[in-house]
Amino acid sequence: MRPVAVCETGQFSASKSALAAAGALAVQNSAMDPGQGTPARSASDLLLAVGRSRNRAAFIALFRDYAPRVKSYLRRLGADNASAEDLVQDVMLTVWRRAETYDPAKASASTWIFTVARNRRIDVFRRQARPEFDPNDPALQPAPEVASDTRVEVKETGIRLRRAIAELPEQQAVLLRMAYFEDKSHTAMAEALELPLGTVKSRLRLAVIKLRATFEDDL
Amino acid sequence: MPVHHPGEVLLLDYAAGNQDEPVSLLVATHLALCPDCRATVEQFERVGGAMIEELEASPLEAELLERVLGELDGADPEPGPTRPTAGGGDAWIPRPLRDYLSSTLDDLDWRNWPGFKEHRLLPEDPGYTTRILSVGPAKALPRHDHEGPEYSLVLSGGFSDAGKHFLAGDVEVAEPPSDHQPVADPDGDCICLTVTSGPLRLTGPLLRVLNPVLKI
């Protein structure tokens, strides 16, 4: 059995500025938000605060931290400055609206925001729907129960995963960036790089094995 | 649980968001039936999260935050992603495929062929042929090949092809050149979602002449 969703409360270096901002603003806003007694601690907590109590200070902190990166993501994917900004606005409003559905046991804040940005981009730039399974669908095949003692909380996957990505050989890293930042499927990569499809697939598989090993280490 | 999976590379494509709608529809419907592949896609989404973290911050227009904050009050909570709802698929067919069907299978607009029938989905997508196929017991599809990969997801029943057997939830990936001929199990109809990229060519000795006419 592969490891199923594990809790990720990775400490993101990028989040530190957000924490400071949120801490400062949480003080100002505490009267409006009695549910937030302690200052937010991580991007995940900020997102939970937005979902649970529509906490504006937490949203502003998330915005300062993530909006510039979401813009970089969209720029890498070919959006010009103006349409990237429009879509950043759209993505951040979607974060505000859907924050209630965020489950920190399933994804870190960065992962969740990545999926929101990915889906909004497909919707707006590609003008296609993004088909997704529905976790509450009665026709869904449920995952087998995992014994509670094997569900270990993960503290540093984010850091370890980023290190594993940084250490990939360049010819594998190139393909990973094409997949995530250039909208290229593995068949499109083979065409763009004039490589046989089999070579692209085997390089991606090697990359995938290394990255997935960082998840296996968690358990 | 499914035995034949789309493969990690295709799951990576799906998680990264770079596959077209027909292929994504097939992958996502497989995910509804396959907890293992769901876990894999979650991992690839974590890779996406990590890659976003690593991007340099782009400067934003000064007033963007104010503009977003100005819209927060009008933005009501939204319980989940909005879905296309043709709204009539059978309850046993998993989402997202169910949402693409305008009626139950019995009432779909089928095109009949000897031994099987087909219903086209996403006909406006030029790069793909997306179909629900219903193949009669022990019937064979015409022998064929395609210029791009063909993905078949079994919804009910089963079929055999190229020495392998596929049951509900399984995905067959037929990369070109892959001159093949799926045969349905003898114990009932086999219902599949099939996505073919690039044109399809019939390769049986008699059928070859029909290629220009049939356009299956």
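So the values come out like this:
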item: Condition met for residue B:128 (modelled with pLDDT under 95 and of a type in the set (Phe, Trp, Tyr)); result: yes
item: Any hit, the range B:93-107, residues being polar (S, T, N, Q) and within 21 Å of residue B:159 (Cβ to Cβ); result: no
item: Restricting the range A:106-135 to residues that are part of a loop (DSSP other than H, G, I, E, B), of a type in the set (A, V, I, L, M, F, W, C) and open to solvent by less than 40 Å² (accessible area, probe 1.4 Å), the residue that is farthest from the other protein chains (Cβ to nearest Cβ); result: A:107
item: Filter pass, residue B:128 being touching a residue at least 60 places away in the same chain (Cβ under 8 Å) and open to solvent by 20 Å² or more (accessible area, probe 1.4 Å); result: yes
item: Qualifying residue in the range B:62-82 (condition: touching an Asp or Glu at 6+ places or on another chain (Cβ under 6 Å) and open to solvent by 30 Å² or more (accessible area, probe 1.4 Å)); result: yes
item: Candidates B:32, B:28, B:15 - the one that is crowded, with 19+ Cβ neighbours inside 10 Å, more than 7 Å from every other protein chain (Cβ to nearest Cβ), of a type in the set (Gly, Ala, Ser) and within 26 Å of residue B:155 (Cβ to Cβ); result: B:15
item: Members of the range A:44-99 found to be among the aliphatic types (A, V, I, L, M) and without any contact (Cβ under 8 Å) to a residue 12 or more places away in the chain, listed by number; result: A:82, A:93
item: Lone qualifier among B:98, B:46 - being within 9 Å of chain A (Cβ to nearest Cβ), in contact with a strand residue (DSSP E or B) (Cβ under 9 Å, 6 or more places away or on another chain) and either at pLDDT 95 or above or surrounded by 16 or more Cβ atoms within 10 Å (Cβ to Cβ) (or both); result: B:46
item: Contacts under 8 angstrom Cβ, first residue in the range B:58-71 being at the interface with chain A (Cβ under 7 Å from one of its Cβ atoms), partner in a helix (DSSP H, G or I) and open to solvent by 80 Å² or more (accessible area, probe 1.4 Å), 6 or more apart; result: B:58/A:75; B:65/A:64
item: Yes/no for residue A:59 being over 20 Å from residue B:77 (Cα atoms) and either open to solvent by 10 Å² or more (accessible area, probe 1.4 Å) or in contact with a Phe, Trp or Tyr (Cβ under 9 Å, 6 or more places away or on another chain) (or both); result: no
item: Pick from the range A:178-199, criterion part of a helix (DSSP H, G or I) and more than 8 Å from chain B (Cβ to nearest Cβ), ranking: surrounded by the fewest Cβ atoms within 10 Å (Cβ to Cβ); result: A:198
item: Residues that are in contact with a Phe, Trp or Tyr (Cβ under 9 Å, 6 or more places away or on another chain), over 24 Å from residue A:138 (Cβ atoms) and of a type in the set (Gly, Ala, Ser), drawn from the range B:1-54; result: B:15, B:16, B:17, B:48, B:49, B:50
item: Members of the range A:73-93 that are within 14 Å of the chain's Cα centre (by Cα) and either at the interface with chain B (Cβ under 8 Å from one of its Cβ atoms) or in a loop (DSSP other than H, G, I, E, B) (or both); result: A:73, A:92
item: Contacts under 7 angstrom Cβ, first residue in the range A:193-207 being free of Cβ contacts under 8 Å to residues at least 12 places away in the same chain, partner polar (S, T, N, Q), 6 or more apart; result: A:197/A:187
item: Complete set of residues in the range B:146-166 that are within 13 Å of another protein chain (Cβ to nearest Cβ) and over 16 Å from the mean Cα position of the chain (by Cα); result: B:146, B:147
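Rundown of residues vs (1) under 23 Å from residue A:93 (Cα atoms); (2) at pLDDT 90 or above, yes/no style:
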| position | (1), (2) |
| --- | --- |
| A:131 | yes, yes |
| A:149 | no, no |
| A:164 | no, yes |
| A:173 | no, yes |
| A:189 | no, yes |
| A:198 | no, yes |
| A:207 | no, yes |
| A:215 | no, no |
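The values are calculated or read from the model by the stated rules, or taken from the named source; none is laboratory data. None of these values were measured; they are calculated from a predicted model. All Cβ positions, glycine included, derive from the backbone under ideal geometry; neighbour counts span all protein chains shown. Just so you know, the surface numbers come from the protein's heavy atoms only, side chains and all, with ligands and any DNA or RNA stripped out. Shrake-Rupley method; radii C 1.70, N 1.55, O 1.52, S 1.80 Å.
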